[in-house]
């Protein structure tokens, strides 16, 4: 596998096209297409993204904060907004669940899109250059990962004031570490491979070796990490919001579960059900999809 | 062994320094004026100045940092702003309840998961294996708060099998309150763990030594319990290392939920009271616990895997 990609890398420098080999990505895509569960899960994830987008555009579940029924009105099938009943203020739990989807997807996107580039860049620099730079970066992430994330988050929300920004910063500052570790390890392995040495002897710069030659060969780790981190961010939001250091003022699954803590004793189960089921389905989809991606993109399996 | 330990502990010093630096920056540099946060908006200038003086906040940052390092080295963390208690006493009182919950819960979870993982990998490819893999994936996708809320509501409130929340400092008495959190802890981690151990053990079964063991006529149970289990110790310890930070999160979650007066509850209370010295100390002390836990597991690693050299 590596020799194949290595060959195609060299060829691009010599601008002489080789017969199209099966790259890791093409092979992975071919395998994934055959995996029915993976396709279903990808569709589920796409559905959640769609819901979040429609909610962001105010096309569905808007406005969520108006009274649509009695306080704690039980679920009924008469209208979509009452499918999951109403909360203490008579607001539609269905709308809150949809808005919570938007909150969760938003957190997942912000955290992954910011932390993955940080992890990739710092990890690849540490692995590629080695020496004091490597030691500094490793020291930095070992230090950060030695502070329990919940404490780091509490400390950050204390320092910056509670709310969603503090949560973003806290989640980003811990979630880039996993990516950086993987990238560092891969770059250490790859930097002495023949194709990199070949690129070097052709006069490739460090920048070009890191981003044009090595990175494409380890890029499948980014996709794997993306699905894991996205799921992790969604789960963290719920726990942190529940502990009082997360999302405030807008509906989120964490807020809904927090409300449900006091509602259960009165027999009000719909808010807990809405948030838990919504979260369960997307986490399940990410779990299965993550496994399928790992199998599909594993260069060891042919 | 001794040199290994010494090296490992010396290696932890730059990390501890880094943690102290991060904590200091967050609380004393980024965090605005802690004195203002503590006394609130309606304080007089004199009150603020007194607080600043009491906590040494009127000195230059670098001096404050040196003072902080000195306090850390002597385990003198000052007093809580909200309760005026000595923070070191608060930690001493909180660590007992925290460990009474996390250690048994974690040990139980690991033992049960390893046993189930072994059992499931023994029946690999059979119906029991496939069903348990599906159950594991479903189990690990259910939100952890869902388990806790459901367990507290149904098992404690409806069925009255357990107390709903609370704690008793007497020795066997405390377990009456800790039993339900432990069961829920087991439930919410078992899905991930069993699947992880199953994969690790299946990887072992493809190794040459397993083929040799079978070829020399060992029965299948013997192959599993004598060879596969022993060799799976390395991935098992790896997973345990990875899960140590989760112990702290778990203790936060369960302690606030079930009213257990451990380190987690103390920190969440401090957050609600804007109790600056307590949060700052907790951030540092839990990091120390984590670093210490990592050293212990490294030693265990070296003990179970002869390939890890004790250099």
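The values are calculated or read from the model by the stated rules, or taken from the named source; none is laboratory data. Just so it is clear, the structure is predicted and the values come from calculations on it, not from any experiment. When we count neighbours, we look across all protein chains shown, and the Cβ atoms used for this are built from the backbone with ideal geometry, even at glycine.
If I ask for residues that are exposed (fewer than 15 other Cβ atoms within 10 Å of the Cβ) and outside any loop (DSSP other than H, G, I, E, B), which ones from segment A:50-72 would you list? Within segment A:50-72, A:50, A:53, A:56, A:67 meet the criteria.
Conditions tested, residue by residue: (1) on the phi > 0 side of the Ramachandran plot; (2) more than 16 Å from the chain's Cα centre (by Cα); (3) touching a residue at least 40 places away in the same chain (Cβ under 8 Å).
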| position | (1), (2), (3) |
| --- | --- |
| A:169 | no, no, no |
| A:179 | no, no, yes |
| A:184 | no, yes, yes |
| A:191 | no, yes, yes |
| A:215 | no, yes, yes |
| A:224 | no, no, yes |
| A:229 | no, no, yes |
| A:237 | no, no, yes |
| A:246 | no, yes, yes |
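Any idea which of A:250, A:210, A:222, A:197 is surrounded by 20 or more Cβ atoms within 10 Å (Cβ to Cβ) and either part of a helix (DSSP H, G or I) or more than 9 Å from chain B (Cβ to nearest Cβ) (or both)? Break it down stepwise before answering.
Numbers: A:250 fails: surrounded by 20 or more Cβ atoms within 10 Å (Cβ to Cβ); A:222 fails: surrounded by 20 or more Cβ atoms within 10 Å (Cβ to Cβ); A:197 fails: surrounded by 20 or more Cβ atoms within 10 Å (Cβ to Cβ).
Among A:250, A:210, A:222, A:197, only A:210 is surrounded by 20 or more Cβ atoms within 10 Å (Cβ to Cβ) and either part of a helix (DSSP H, G or I) or more than 9 Å from chain B (Cβ to nearest Cβ) (or both).
Can you run down the residue pairs with Cβ atoms below 9 Å, 6 or more apart or on separate chains, where the first is in segment B:1-19 and away from chain A (no Cβ under 14 Å) and the partner is part of a loop (DSSP other than H, G, I, E, B) and loosely packed, with under 13 Cβ neighbours inside 10 Å? Close Cβ pairs satisfying both conditions: B:3/B:311; B:4/B:309; B:4/B:311; B:7/B:311.
Residues that are facing chain A (nearest Cβ under 10 Å), outside any helix (DSSP H, G or I) and closer than 28 Å to residue B:92 by Cβ within segment B:137-178 comprise just one, B:164.
Can you pull out the residues in segment A:125-148 that are surrounded by 24 or more Cβ atoms within 10 Å (Cβ to Cβ) and either more than 13 Å from chain B (Cβ to nearest Cβ) or under 30 Å from residue A:46 (Cβ atoms) (or both)? Correct list: A:126, A:127. In the condition set (1) more than 11 Å from every other protein chain (Cβ to nearest Cβ); (2) touching a helix residue (DSSP H, G or I) at 6+ places or on another chain (Cβ under 8 Å); (3) in a loop (DSSP other than H, G, I, E, B), residue B:274 is compliant with all but (1).
Could you list, in sequence order, all residues of segment A:263-279 that are out of contact with any helix residue (DSSP H, G or I) (no Cβ under 7 Å at 6 or more places or on another chain), in a helix (DSSP H, G or I) and without any contact (Cβ under 8 Å) to a residue 60 or more places away in the chain? Talk me through it step by step, then tell me what you get.
Here is the first cut: in segment A:263-279, the residues out of contact with any helix residue (DSSP H, G or I) (no Cβ under 7 Å at 6 or more places or on another chain) are A:266-269, A:273, A:277.
Now restrict to residues that are in a helix (DSSP H, G or I): A:266, A:273, A:277.
The one that is out of contact with any helix residue (DSSP H, G or I) (no Cβ under 7 Å at 6 or more places or on another chain), in a helix (DSSP H, G or I) and without any contact (Cβ under 8 Å) to a residue 60 or more places away in the chain: A:277.
As a summary of the residue check, residue B:134 satisfies the conditions (1) within 13 Å of chain A (Cβ to nearest Cβ); (2) over 23 Å from residue B:267 (Cα atoms); (3) within 25 Å of the chain's Cα centre (by Cα) except for the one numbered (3). Quick check: anything in segment A:95-117 at pLDDT 90 or above, surrounded by fewer than 23 Cβ atoms within 10 Å (Cβ to Cβ) and closer than 25 Å to residue B:294 by Cβ? No, there is no match, as no residue in segment A:95-117 is at pLDDT 90 or above, surrounded by fewer than 23 Cβ atoms within 10 Å (Cβ to Cβ) and closer than 25 Å to residue B:294 by Cβ. Do we have residue B:253 as under 27 Å from residue B:68 (Cα atoms), part of a helix (DSSP H, G or I) and either within 14 Å of the chain's Cα centre (by Cα) or in contact (Cβ under 8 Å) with a residue 24 or more places away in the chain (or both) here? So residue B:253 fails the test.
Given the structure, is residue B:113 under 25 Å from the mean Cα position of the chain (by Cα) and part of a loop (DSSP other than H, G, I, E, B)?
Values: under 25 Å from the mean Cα position of the chain (by Cα): yes; part of a loop (DSSP other than H, G, I, E, B): no.
Spelling it out, it is not the case that residue B:113 is under 25 Å from the mean Cα position of the chain (by Cα) and part of a loop (DSSP other than H, G, I, E, B).
Could you tell me whether any residue of segment A:229-247 is surrounded by fewer than 17 Cβ atoms within 10 Å (Cβ to Cβ) and either in a helix (DSSP H, G or I) or at pLDDT below 90 (or both)?
Of segment A:229-247, the ones surrounded by fewer than 17 Cβ atoms within 10 Å (Cβ to Cβ) are A:244.
Now drop any that are not either in a helix (DSSP H, G or I) or at pLDDT below 90 (or both), which leaves A:244.
Within segment A:229-247, one or more residues are surrounded by fewer than 17 Cβ atoms within 10 Å (Cβ to Cβ) and either in a helix (DSSP H, G or I) or at pLDDT below 90 (or both).
Here segment B:277-311 is the region considered, the condition is being under 23 Å from residue A:158 (Cα atoms) and more than 10 Å from every other protein chain (Cβ to nearest Cβ), and the residue that is modelled with the lowest pLDDT is B:277.
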